[in-house]
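Enquirer: Below you will find the structure I want to go over with you.
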Amino acid sequence: MKLRALMAFTALSLLSIPLRAQVVDRTKPPELGPPPRVSLPPILTRQLPNGLRLMIVEQHELPLADFVLLVGSGGTADPAGKTGVANLTASMLREGTTTRKSLDIADQTSFLGVSLNPQASWESSTLSLHTPTAQLDSALALFADVALHPSFPTNEFDRIKKNRLTELLQLRDQGPAIANQAFPAILYGSGHPYGAPLIGTESSVTGLTTADLQAYYQTNFKPNNSTLIIVGDVNPAQIEQKINSLFGGWQRGDVAPLTYNEPPKAGTTTIYLIDKPGAAQSSFRIGSVGVPRSTKDYFALTVMNTILGGSFSSRLNQNLREARGYTYGAGSRFDMRRAAGPFTASAEIVSAKSDSALIEFIKELNGIRQAVPADELSRAKRYLQLQLPGNFETTQQIASALVPVALYGLPLDYYNTYVQSVEGVTQADVGRVAQQYINPGSLAILIVGDRKTIEQGLKATNIGPISVRTMTGQTVQ
């Protein structure tokens, strides 16, 4: 009874407090506040005698830890004729070691409550571990075994290989997948590693053997070619000691530096058309060879692309989706790698509007080369700055964010100065990089769609000659 009386008294007291009426002007969007200051915990670096570099971030809020073994070789290190071997090597890491079978690894990860995930990208291969610190020693022992002693068992490889070939066969029926494979082949040609699909082709995967995977592993998985990122509830001195006991015997070795052939010189703007009979939509990939991650224009390009196609409120999306309803989404990005990766503007367009959409794409690519209004520039910078803290909410996110820092040799305070670096981008900077890196007169325009339905309309745009290609980007004979 006393509790009910107290609650009733409190309610009456609250009702007696006069409320101030808030007047909200709904004709104006809310104003964005100043960007928050981002200050990550210090990144401690160590190096084991065998060359393995450690990057350690203490995060004691929860009893969790994340480990990412980053090997500085990926798809670009695939030997000639063996496209996809890096990707398959990563996929096979947790399929068996010299002391554990695939099912043993699966059972132990489930029993410990940990996740163990291998992956390969163009420039790196990674093995990631997420674990409660209560299981740290057992989890690290499993992690080290998978990383250092893969056995590439034939029976598991046959299964993985069969699945990959099935996946490649399925992708041949998907317009976006065809476009994603053919576009880099057109931009870079067969003589550049970026021109081949990361997951391989049907012919290359068919010819791969476990010996190819073992050779790739032995050649590239070296401690002096690797960084171990550690984030979580750990003590730096203690974790270094644990890692040294597990990884200290890993033998260092020479890793040949990668060389990249120059991609073909860009010609005049050309429309490359791949026929997909009966397609209800056309897959657009428009762009050119872009820039490497080492470019001094990174922040200017990031801000410029946010305005063009890097956010929901970007010009491309607002035009093609919101204003015209041609697509569910349109965007653009600079994929920056060790060498110059592709710049790509893309969308899946309703087939009947393919020609109209192409005109709008070119309109926006020309428009970004003009002076950007100050308010649009400010919104783009705030978008980048205000979303930054959300990328560091978990130990997994922090570990993932440190991968490019380790891979591309970025400063250890890169994220602590990110807000200021974005803020320093000016209208002149955006105009300069747009003029330098986006040239509507020398674009590769790839469209995968129903040729008989869309070809005449595309010709009528007079944007460029049409070259009909195969599903792999090769010229139709």
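The values are calculated or read from the model by the stated rules, or taken from the named source; none is laboratory data. Keep in mind that this is a model prediction, so the values were computed, not measured. Heads up, the Cβs are rebuilt from the backbone with ideal geometry, glycines too, and the neighbour counts pull from every protein chain shown. Surface areas here come from the heavy atoms of the whole protein model, side chains and all, with no ligands, DNA or RNA. Shrake-Rupley method; radii C 1.70, N 1.55, O 1.52, S 1.80 Å.
Enquirer: Restricting attention to segment 96-116, report how many residues are buried (at least 16 other Cβ atoms within 10 Å of the Cβ) and over 25 Å from the mean Cα position of the chain (by Cα). Reasoning before the result, please.
Expert: Within segment 96-116, the first condition is being buried (at least 16 other Cβ atoms within 10 Å of the Cβ), and the residues that meet it are 96-97, 100, 102, 105, 108-109, 112, 114, 116.
Checking which are over 25 Å from the mean Cα position of the chain (by Cα) leaves us with 96-97, 100, 102, 105, 108-109, 112.
Qualifying residue count for the region: 8.
Enquirer: Can you confirm whether Asp450 is among the acidic types (Asp, Glu), under 14 Å from Tyr298 (Cα atoms) and touching a residue at least 40 places away in the same chain (Cβ under 8 Å)? Talk me through it step by step, then tell me what you get.
Expert: On the way: among the acidic types (Asp, Glu): yes; under 14 Å from Tyr298 (Cα atoms): no; touching a residue at least 40 places away in the same chain (Cβ under 8 Å): yes.
So Asp450 fails the test.
Enquirer: Name every residue in segment 446-477 that is over 22 Å from Pro342 (Cα atoms), more than 31 Å from the chain's Cα centre (by Cα) and not polar (S, T, N, Q), in order of residue number.
Expert: Arg451, Lys452, Ile454, Glu455, Gly457, Leu458, Lys459, Ala460, Val476
Enquirer: Further question: Looking at Asp158, is it more than 29 Å from Thr472 (Cα to Cα) and in a helix (DSSP H, G or I)? Can you show your working first?
Expert: Details: more than 29 Å from Thr472 (Cα to Cα): no; in a helix (DSSP H, G or I): yes.
Taking the combined requirement at face value, the residue does not satisfy it.
Enquirer: Being over 20 Å from the mean Cα position of the chain (by Cα), at negative phi and open to solvent by 10 Å² or more (accessible area, probe 1.4 Å) is the filter here, so list the residues in segment 58-92 that pass it.
Expert: Keep residues of segment 58-92 that are over 20 Å from the mean Cα position of the chain (by Cα), which gives 58-65, 79-82, 92.
Those left that are additionally at negative phi: 58-65, 79-80, 82, 92.
Those that are over 20 Å from the mean Cα position of the chain (by Cα), at negative phi and open to solvent by 10 Å² or more (accessible area, probe 1.4 Å): Glu58, Gln59, His60, Glu61, Leu62, Pro63, Leu64, Pro79, Ala80, Lys82.
Enquirer: Additional query: Name the single residue that is surrounded by the most Cβ atoms within 10 Å (Cβ to Cβ) among those in segment 162-182 being in contact with a strand residue (DSSP E or B) (Cβ under 7 Å, 6 or more places away or on another chain) and of a type outside the set (A, V, I, L, M, F, W, C).
Expert: The first filter runs over segment 162-182 and keeps only residues in contact with a strand residue (DSSP E or B) (Cβ under 7 Å, 6 or more places away or on another chain), leaving 175-176, 178-179, 182.
Adding the requirement that they be of a type outside the set (A, V, I, L, M, F, W, C) leaves 175-176.
Working: Gly175: 19, Pro176: 16.
It comes out as Gly175.
Enquirer: Any residue in segment 363-382 that is among the hydroxyl-bearing types (Ser, Thr, Tyr), surrounded by fewer than 15 Cβ atoms within 10 Å (Cβ to Cβ) and either free of Cβ contacts under 8 Å to residues at least 60 places away in the same chain or more than 30 Å from Ile466 (Cα to Cα) (or both)? Give the derivation first.
Expert: First, pick out the residues of segment 363-382 that are among the hydroxyl-bearing types (Ser, Thr, Tyr): 378.
If we keep only those that are surrounded by fewer than 15 Cβ atoms within 10 Å (Cβ to Cβ) too, we end up with 378.
With either free of Cβ contacts under 8 Å to residues at least 60 places away in the same chain or more than 30 Å from Ile466 (Cα to Cα) (or both) added as a condition, the list becomes 378.
For segment 363-382, residues among the hydroxyl-bearing types (Ser, Thr, Tyr), surrounded by fewer than 15 Cβ atoms within 10 Å (Cβ to Cβ) and either free of Cβ contacts under 8 Å to residues at least 60 places away in the same chain or more than 30 Å from Ile466 (Cα to Cα) (or both): present.
Enquirer: Follow-up question, since we're still on this one. Can Gln318 be described as free of Cβ contacts under 8 Å to residues at least 24 places away in the same chain, at negative phi and either under 23 Å from the mean Cα position of the chain (by Cα) or surrounded by fewer than 18 Cβ atoms within 10 Å (Cβ to Cβ) (or both)?
Expert: Working: free of Cβ contacts under 8 Å to residues at least 24 places away in the same chain: yes; at negative phi: yes; either under 23 Å from the mean Cα position of the chain (by Cα) or surrounded by fewer than 18 Cβ atoms within 10 Å (Cβ to Cβ) (or both): yes.
Spelling it out, Gln318 is indeed free of Cβ contacts under 8 Å to residues at least 24 places away in the same chain, at negative phi and either under 23 Å from the mean Cα position of the chain (by Cα) or surrounded by fewer than 18 Cβ atoms within 10 Å (Cβ to Cβ) (or both).
Enquirer: If you don't mind, there's one more thing I want to ask. In segment 419-432, what count of residues is obtained for those that are open to solvent by 20 Å² or more (accessible area, probe 1.4 Å) and closer than 13 Å to Arg37 by Cβ?
Expert: Final tally of qualifying residues: 2.
Enquirer: Test Gln435 against the stated conditions and say whether it is assigned to a helix (DSSP H, G or I), out of contact with any Cys (no Cβ under 9 Å at 6 or more places or on another chain), crowded, with 18+ Cβ neighbours inside 10 Å and not β-branched (Val, Ile, Thr). Step through it out loud before you land on a result.
Expert: Details: assigned to a helix (DSSP H, G or I): yes; out of contact with any Cys (no Cβ under 9 Å at 6 or more places or on another chain): yes; crowded, with 18+ Cβ neighbours inside 10 Å: no; not β-branched (Val, Ile, Thr): yes.
Answer is no for this residue.
Enquirer: Give the residue that is most open to solvent (accessible area, probe 1.4 Å), with candidates limited to residues of segment 21-52 that are over 30 Å from Val231 (Cα atoms) and hydrophobic (A, V, I, L, M, F, W, C). Steps first, please.
Expert: The initial filter retains those residues of segment 21-52 that are over 30 Å from Val231 (Cα atoms), namely 21-33.
Then keep just the ones that are hydrophobic (A, V, I, L, M, F, W, C); that gives 21, 23-24, 32.
Numbers: Ala21: 97, Val23: 142, Val24: 94, Leu32: 109 Å².
Top of the filtered list is Val23.
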